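Presented below is the structure to which this report refers.
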Amino acid sequence: MSAPTQSRKSRQAGAGPLGALKRRFSAPPRRSEPTRIAAAFALATVALALVPLINASPPPPALGAAPDFSIFTTAGSIYSLSSDLGRQPVFIEFMHPDCSHCRAMGSRLEAAYAEFGTRVRFVTVAVRLPGFADPTVASVSAFAGEFGHGWTYGLDQQTKARDLYRVVGTPTFAFIWENGTVARMWPGEMSAGELQGHLGALVGG
Amino acid sequence: MRRTARKAPLGPEEYLGLRMAIASSFIGFTVAGVLVLNHFEVADAAFCSVGDWLSCNTVNRSDYSVILGVPVALIGMLGFLAVTALSTARMVAPRRGLGLRAPPLLTAAVGAGLSFGAYLSLVEVFVLRVVCLLCVLSLVAFAAAGVALRRTLVVPWPRKAPRGKEGLPAEGR
């Protein structure tokens, strides 16, 4: 390649490290380039294939002590999380009665309660969300009744539980070990299989 | 000048575009791989399941996430792999074999990927009413590959060029 052609290309690409990078990537490929591309894709595939192995290693790491909170239950009493912490695993659902995904989880939670209800404490906390009407005892009771949920349902009227657990949307689930530490926070819907897997991990099954 | 033509049968901007398309495809391939794992409940992708309208789990495990028993994300992975293979072939040997036929095949692959991605995005917004961030990222990767390949995609289906014409000798001799 002649010198004038080279300098014209250099001017087009610009000076400095960015220009050098552009010149390098505008050049014809070296003989080893296809091999390097194939190697990068192979490496990504291997990394993806390793994910199931990493996920399969129990138990999930603890995220710290579960913050305590109190809520007004739909039965008219006050429930405090501290009454269960350290005694048995706890599963908390943060939800809103108008949330379609919480509704989609209704029957899955009922099935999970039938299997784990005697070994894991189920608690549902109705939270206030921006843009949604505040949950009321009537709306939350109607929601629980619709799916036949028999566990504790309460209202987080002061948004303390929501803030402590950094709930930004519903549903959000908290899995708490028997020793009172948070095993996992899960924002969004989950499948029946995932729910069963995480609850099974809580009880060591 | 003959030597120059043999070393660089494509323009510098096309080489740059092909490499950018390969980089975009690599990102898209990885993202689609995470979505495949998420579909089979191996990876939870909880980081992108936030709130009532932003959930990868909801979209990626819906009825729309499978076509004829094949996960859509897996089809996306294969699409990105195809774009990479065709771009590499175009870059290495643009005047023979797959490299010669790469432009129309790339046009078809990118067009199909973008159309399919757009359809799934419409399903997300208007049917499921939930947006899957990783799916959007995958679509963006396809779009980026399409933009990067703009100099390659416009080439029509190649006819067998007479050797020695247009100052472009056959390669690899």
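The values are calculated or read from the model by the stated rules, or taken from the named source; none is laboratory data. Computed from a prediction, not measured in an experiment: that's the story for all the values here. Please note: Cβ atoms are built from the backbone with ideal geometry, for glycine as well, and neighbour counts cover all protein chains shown. Each accessible area value is taken on the protein alone, full model and side chains, heavy atoms only, with ligands, DNA and RNA left out. Shrake-Rupley method; radii C 1.70, N 1.55, O 1.52, S 1.80 Å.
See the values below:
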item	result
Accessible area expressed per residue, chain A, with surrounding protein chains retained (probe 1.4 Å, Å²)	51
Folded to 0 to 90 degrees: helix A:100-116 orientation relative to chain A principal axis, Cα	60
Charge dipole (region B:12-148, unit charges on Cβ, about Cα centre) - positive-most of B:Asn57, B:Leu133, B:Gly33	B:Gly33
Region A:79-205 - percent of accessible surface contributed by carbon and sulfur, probe 1.4 Å	51
Charge dipole magnitude, Cβ of K and R +1, D and E -1 - chain A, Cα centre, debye nearest 20	1980
Accessible surface buried upon A-B contact (total; probe 1.4 Å; Å², nearest 100)	2800
Relative contact order (%) - region B:12-148, alpha-carbon pairs under 8 angstrom, separation at least six	38
Within the accessible area of region B:12-148 (1.4 Å probe), percent carbon and sulfur	76
Calculated FRET efficiency for the pair B:Glu13/B:Ala118, C-beta based, R₀ 22 Å, to 0.05	0.25
Computed lengthening from A:Glu33 to A:Gln88, 0.36 nm per intervening residue step minus Cα-Cα distance	14.1 nm
0 to 90° range, to nearest 10: angle between helix A:3-13 axis and chain A longest Cα axis	20
Residue-span extension gain [A:Gln158 to A:Ser77] - 0.36 nm each, minus C-alpha spacing	27.6 nm
Folded to 0 to 90 degrees: helix A:33-55 orientation relative to chain A principal axis, Cα	10
